[in-house]
1. Suppose we filter segment 61-112 for residues that are in contact with a strand residue (DSSP E or B) (Cβ under 8 Å, 6 or more places away or on another chain), of a type in the set (A, V, I, L, M, F, W, C) and part of a helix (DSSP H, G or I); how many remain?
2. Among the residues of segment 168-186, what is the count of those that are of a type outside the set (Phe, Trp, Tyr), at pLDDT 90 or above and part of a loop (DSSP other than H, G, I, E, B)?
3. Surrounded by fewer than 18 Cβ atoms within 10 Å (Cβ to Cβ) and either closer than 22 Å to Arg52 by Cα or touching a Lys or Arg at 6+ places or on another chain (Cβ under 6 Å) (or both): which single residue out of Gly155, Gly126, Gly83 fits that description?
4. Does any residue of segment 92-115 turn out to be of a type outside the set (D, E, K, R), modelled with pLDDT of 95 or more and on the phi > 0 side of the Ramachandran plot?
5. Please identify the pairs in which a residue from segment 127-144 that is farther than 15 Å from Tyr80 by Cβ has its Cβ atom under 9 Å from the Cβ atom of a residue that is β-branched (Val, Ile, Thr) and part of a strand (DSSP E or B), counting only partners at least 6 apart or on another chain.
6. Taking into account only those residues within segment 41-59 that are assigned to a loop (DSSP other than H, G, I, E, B) and out of contact with any Gly (no Cβ under 9 Å at 6 or more places or on another chain), which is surrounded by the most Cβ atoms within 10 Å (Cβ to Cβ)?
7. Looking at (1) in contact with a Lys or Arg (Cβ under 7 Å, 6 or more places away or on another chain); (2) farther than 20 Å from Arg70 by Cβ; (3) at pLDDT 95 or above, which one does Gly140 not meet, given that it meets all the others?
8. Give segment 122-149 a look and list any residue that's part of a helix (DSSP H, G or I) and under 19 Å from Leu77 (Cα atoms), or say none.
Amino acid sequence: MADDPEPVVEPASAFAGVPDGLERLWTPHRAAYLGGENKPLGEGADACPFCRAAATDDDAARLVVARGERVFALLNLYPYNSGHLMVLPYRHVGAYPDLDDAETVELARMTQTAMRVLEAVMHPHGFNLGINQGGAAGAGIAGHLHQHVVPRWGGDANFLPIIARTKTLPELLADTRARLAAAWPTEEEA
């Protein structure tokens with residue numbers, strides 16, 4: 001009908017809250033993590049996403065970058081920076097003192113290798129290394145010990161994480177995993 005008014009189409013920014021002149025960068029994948037996605041629903045190895053990653057044959061699907069005899073490295077599904085790796089034992093153990101001597105040595109050596117590979121592939125300016133042991137210490141999956149290897153660049157802690165609680169990552173996880181896995185040395189090269 002000729003008398004029907006034109007439909008009103010609101011710009012996306014109209015739904016972002018009180019108008020303040022700021023653009024919004026939405027990161028719904030972080031909300032999924034904060035809401036519990038991929039976190040264990042129970043206790044033990046059967047509920048552990050790290051144990052599932054260790055048991056798979058499809059390393060690319062589970063973001064596994066490298067495997068050793070006792071430990072393996074995989075990309076963090078919710079990274080702080082591109083290249084954010086975790087090095088962890090195959091064995092489902094939650095506390096660093098509970099690692100046996102061989103696991104402790106291999107965890108340290110694979111962490112060194114991870115840093116070398118990240119340096120060669122991504123050229124970071126530095127690293128954060130750390131183990132958050134226990135939920136109160138920030139471990140998202142406290143039942144399976146994992147050491148974070150986070151490459152850092154000057155200026156990577158920009159205003160977005162501080163003001164907007166948003167992290168921009170310049171590369172897809174699958175692409176980062178492929179580049180790091182291709183650069184990882186074989187046992188003979190290591």
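The values are calculated or read from the model by the stated rules, or taken from the named source; none is laboratory data. Just so it is clear, the model here is predicted, and its values are computed rather than measured. Glycine gets a Cβ as well: all are built from the backbone with ideal geometry, and neighbour counts include every protein chain shown.
1. Qualifying residue count, segment 61-112: 2.
2. Adding up the residues that qualify gives 1.
3. Matching residue, one of Gly155, Gly126, Gly83: Gly126.
4. For segment 92-115, residues of a type outside the set (D, E, K, R), modelled with pLDDT of 95 or more and on the phi > 0 side of the Ramachandran plot: absent.
5. Short answer, once both residue conditions are applied: Ala137/Ile131.
6. Checked segment 41-59; the qualifying residue surrounded by the most Cβ atoms within 10 Å (Cβ to Cβ) is Thr56.
7. (3)
8. Met122, Gly135
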